[in-house]
Amino acid sequence: MSLLNLAWHSLWARRGTALLSLLTIALSVALLLGVENLRTQAKSSFASTISGTDLIVGARSGPTQLLLYSVFRIGNATNNISWDSYQQITQQPTVKWAIPISLGDSHRGYRVMGTTNSFFEHYQYANKQPLRFAQGRALENTYDVVLGAEVARKLQYHLGDKIVVAHGLAAVSFVNHEHYPFVVSGILQPTGTPVDRSVITSLAGIEAIHLPPQQQAYSEQQLTPSSITAMMLGTQSKLQIFSLQRQINEYKGEALLAILPGVALQELWGILSIAESALLAVSICVVITGLMSMLSTLMVSLKERRREMAILRSVGAKPRHIFGLLLLEALLLSVLGALLGLLSMYLILAAAKPLLLSQFGFYLVLTWPSLQQLYLLLAVVIVGFIAGVLPAWRAYRYSLSDGMSIRI
């Protein structure tokens, strides 16, 4: 019988304790790989939230704050941009297109964004993917509204439904613009970005709902906003980005800030990387705990197995064979635990996928293990193998000292 076959039968004979060690390692590996998978996909999703936009412009504050409220709909602007400034900047010859953004209202906890149809024409995400309509069309009338995929799904809205916008950002508001309901004209396809959680109206519609309800007709001037929250810009040439950014940052009309989305995303991810590293460290500690559990199981069983080792010696096994047997047992437990942990990770992520999409708008893609994940699996196996050296050495010493007899 080969040493590997003997190690397998030895583990099978002690399958109760071996199974507990195996499950401990598997669960810890599943946690480690799950955290790594979510981390890498969250980072990828984070970076792909906006693509093809050269500059984001808002009131002067911090780059991270501007990025959060303009792209991720988190937080509020310190100030608005006047409409005159918006027009002057967008009329610059270096500006190819512009997307105005007006924030401040909400609908049942979802942010309302006032904009123009240039948003549907020029906003891109992931690898320059354009927005696509699952149903309906873009904004044509003052009270048209386009819903993100999550808003339509969770609130069960369909084309032609009427919705009432509320002042402020709370899920429940006592100041509703119920005299001016919007009509759902379109529903966007899922993007896995904050667009899925947005209620998109026209700038004219935002202005109209804030006018006196007694007034039936509005002039074009009344429906022209006096200010907006931010704007996204595309330039005629990539070579013009930095010169336009400097021009906006030095704008004399008011204090403005122009940021490069990619640079701001990297800064924001750098802030979040502390929590990311802490979570990864906790996962590694859990894996070490699982391997220590295996080590403890092997060490505790040594005294009970001294008679077994003596019998092996009697049939010709040498001390080095006993040493190899314990090492192979540790290796088998590590390999099987790593593989079972990998399978468990996929099962857990598959079960969590609908919840992550519905609750957080995070679209999880189940892919083959990455090179980084394979390295982690290999590291677990190697550390488990090394952990088996101590009980193997003890067994080797017992084998030498006991010889053909066993001390009871």
*Label points 7 Å out from Cα along the Cβ direction at ASP84 and HIS210: separation in nm?*
1.8 nm
*asked:* What does the extension gain come out to for LEU280 and ALA13, with contour length at 0.36 nm per residue minus their alpha carbon separation?
replied: 92.6 nm
*By the scheme Lys and Arg +1, Asp and Glu -1, what is the net charge of all other residues having a beta-carbon under 13 Å from that of TRP97?*
-1
*Whose amide H sits under 5 Å from the amide H of PHE133, counting only residues 5 or more places off or on another chain, with H placed in the peptide plane?*
GLN189
*How far apart, in nm, are two points set 7 Å out from the Cα along the Cα-to-Cβ line at ARG153 and at LEU68?*
2.6 nm
*At 0.36 nm per residue, minus the direct Cα-Cα distance, what do SER44 and GLN124 gain on full extension? Give it in nm, one decimal, please.*
27.3 nm
*How much length is gained if the chain between ASN249 and THR367 is pulled fully straight, taking 0.36 nm per residue apart and subtracting their Cα-Cα distance, in nm to one decimal?*
38.2 nm
*Taking the alpha-carbon centroid of each part, what is the distance from region 108-129 to region 223-271 in angstrom?*
17 Å
*With respect to the cross-link table entries LYS96/LYS128; LYS128/LYS353; LYS43/LYS96; LYS43/LYS238, which display a Cα-Cα separation exceeding 18 Å?*
LYS128/LYS353; LYS43/LYS96; LYS43/LYS238
_Can you list residues from other chains, or at least 5 along the same chain, whose modelled amide H is less than 5 Å from the amide H of SER198?_
GLY148, VAL151
*Can you work out ³J(HN,Hα) from phi for every residue in region 248-253, in order, using Karplus 6.51 cos²θ - 1.76 cosθ + 1.60 and θ = phi - 60°, giving whole Hz and x for Gly and Pro?*
5, 5, 9, 4, 7, x
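Bear in mind these aren't lab numbers, they're just calculated from the coordinates by the rules spelled out. Just so it is clear, the model here is predicted, and its values are computed rather than measured. Glycine gets a Cβ as well: all are built from the backbone with ideal geometry, and neighbour counts include every protein chain shown.
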